[in-house]
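The block underneath contains the structure these notes are about, expressed in structure tokens.
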Amino acid sequence: MEQRVLGRTGRPVSVVGLGTWQLGADWGEVRESDALAVLDAAVEAGVTFFDTADVYGDGRSERLIGRFLKDRPDSDLFVATKFGRRVEQRPEHYTLANFRSWADRSRENLGTDRLDLVQLHCPPTPVYSSDEVFDALDTLVDEERIAAYGVSVETCAEALTALARPGVASVQIILNAFRLKPLEQVLPAAQQAGVGIIARVPLASGLLSGRYTAQTTFAAEDHRNYNRQGEAFDQGETFSGVDYATGVEAAAAFAGLAPEGATAAQTALRWIIQQPGVSTVIPGARNPAQARDNASAAALAPLPESTLAAVRALYDDRLRAQVHPRW
């Protein structure tokens, strides 16, 4: 699989990675054996980048990855985790003492002395403007608790603020065919700064797979059921903030753009891969087949200009008017 350097980490990662939110059972129950099978299938398909967080299943996702890595001591996998969401979201909680505690917990979960990459996990907006916060992250690097740090953001404005920080190695942001705003300023600014871009929610919580209809239901513990209006966390994380009914209709139209032999999901991933400045895209997978199918998107031929224009037209005609300006 194609490898791209992840910004200021200086390390190559697969252009298709694996998001592991679902392995924490936050999208419905996932058995441990099934979770490990997903990790194994992804690696066999060429994936070298895992993205997790300390709140995914309250550390379950990290622990599963740690177990997986323990059985593969010679693997050259890059694991990015995130911290900051295990406390009430107030800027005063983003302190060096908490950072040390959170990093140490993730180190234990993952079974490593030094974390490859820690990302601030969508913190309150004022955190991005705090010198003390980034000084604390620099301290973690100096102490060799972490090798590098980045940010996971909700808005383009937050991304641009973070990009001005010289120590930020990467920015994780929602980017997909239903969320085009990052293309305008964030990706060009990241390229200029030498900062990596990790594209998350690439399938708009599954909408862009084309598998859902207006009648589809989701489990009670699935955020696609309980967070549609932002009841638990930022609404933009679920279906990219798009109204579900509108998204289903737009997804059906998007599926019609898939080239012969490719699924709608693979087409959505291929669209992201070829956006200038993207380092890696991190779709989730609930089973090994999904992991393999997602990884194979990297082998698709680049989408032609006509398809890229059709994606833009679909967004402009059906989605732009209803998308909240912050997204």
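The values are calculated or read from the model by the stated rules, or taken from the named source; none is laboratory data. Keep in mind it's a predicted model, so treat the numbers as computed, not measured. With ideal geometry, Cβ positions are generated from the backbone for all residues, glycine too; neighbour counts draw on all protein chains shown. Keep in mind that these areas ignore ligands, DNA and RNA; they rest on the heavy atoms of the full protein, side chains included. Shrake-Rupley method; radii C 1.70, N 1.55, O 1.52, S 1.80 Å.
Return P(r) of the stretch 61-106 (all Cα-Cα pairs; 5 Å bins starting at 0; whole %; ordered from short to long distances). Taking all Cα pairs of the stretch 61-106, the binned fractions are 5, 17, 24, 18, 14, 11, 7, 4 percent. Quick note on the stretch 164-206: its Rg to Rh ratio, both from C-alpha atoms and Rh being the Kirkwood radius, is 1.01. The radius of gyration of the Cα set in the stretch 1-76, together with its Dmax, comes out at 12.6, 36 angstrom. The Cα trace of the stretch 191-327 gives Rg and Dmax of 15.0, 45 Å, the first to one decimal, the second as a whole number. When DSSP beta bridges are limited to those with both residues in the chain, what percentage is antiparallel, rounded to the nearest 5? Roughly 15 percent of the DSSP beta bridges within the chain come out antiparallel.
Full extension of the chain between GLU231 and ALA97 gives 45.3 nm of extra length, using 0.36 nm per residue less the Cα-Cα distance.
Which number comes out as Rg/Rh for the stretch 126-214 once both Rg and the Kirkwood Rh are worked out on C-alpha atoms?
Values: Rg = 15.2 Å, Rh = 14.2 Å.
My calculation puts Rg/Rh at 1.07.
Gain on full extension, evaluated as 0.36 nm per residue between GLN89 and ASP243 minus their Cα-Cα distance, stands at 52.9 nm. Remark: the chain carries 40 Å² of accessible area per residue (probe radius 1.4 Å; ligands, DNA and RNA excluded).
Could you grab the relative contact order for the chain? Cα pairs under 8 Å, six or more apart, rounded to a whole percent. Over the chain, the number comes to 22 percent.
Once R0 is set to 25 Å, what does the formula 1/(1 + (r/R0)^6) return for the Cβ-Cβ distance between ALA253 and THR217, expressed as a FRET efficiency to the nearest 0.05? Please list the in-between numbers first.
On the way: r = 23 Å, r/R0 = 0.90.
Plugging the Cβ-Cβ distance into 1/(1 + (r/R0)^6) gives 0.65.
Overall dimensions of the stretch 237-300, expressed as equivalent-ellipsoid semi-axes from the Cα gyration tensor (√(5λ), whole Å, largest first), are 19, 15, 14. In this structure, GLU184 and GLU2 have a Cβ-Cβ separation that, at R0 = 30 Å, corresponds to a calculated FRET efficiency of about 0.75.
For the stretch 169-241, the alpha carbon convex hull comes to 98 Å³ per residue, rounded to a whole number.
Calculated on the alpha-carbon coordinates, the convex hull of the stretch 62-221 measures out at 151 cubic angstrom per residue. With both labels modelled 7 Å from their Cα along Cα-to-Cβ, the ASP76 to VAL141 distance reads 2.3 nm.
Entry note, the stretch 109-217: relative contact order of 22 percent, from Cα contacts under 8 Å with a spacing of 6+ residues.
The mean sequence distance of close C-alpha pairs (under 8 Å, at least 6 residues apart), as a share of the length of the stretch 162-236, puts its relative contact order at 26 percent. Site pair GLN275 and ASP58 shows an inter-label distance of 3.5 nm when each label is modelled 7 Å from Cα along Cα→Cβ. Here the chain is treated as an ellipsoid with the same Cα gyration tensor; its semi-axes, largest first and in whole Å, are 29, 22, 20. Backbone N atoms of the stretch 1-43 closer than 14 Å to the 7 Å Cα→Cβ label point of ARG114 belong to residues 9-11. Taking the accessible area of the stretch 22-102, probe 1.4 Å, and keeping the other protein chains in place, the carbon and sulfur fraction comes to 44%. Counting only alpha carbon atoms, the long axis of helix 32-44 and the longest principal axis of the chain meet at about 80°.
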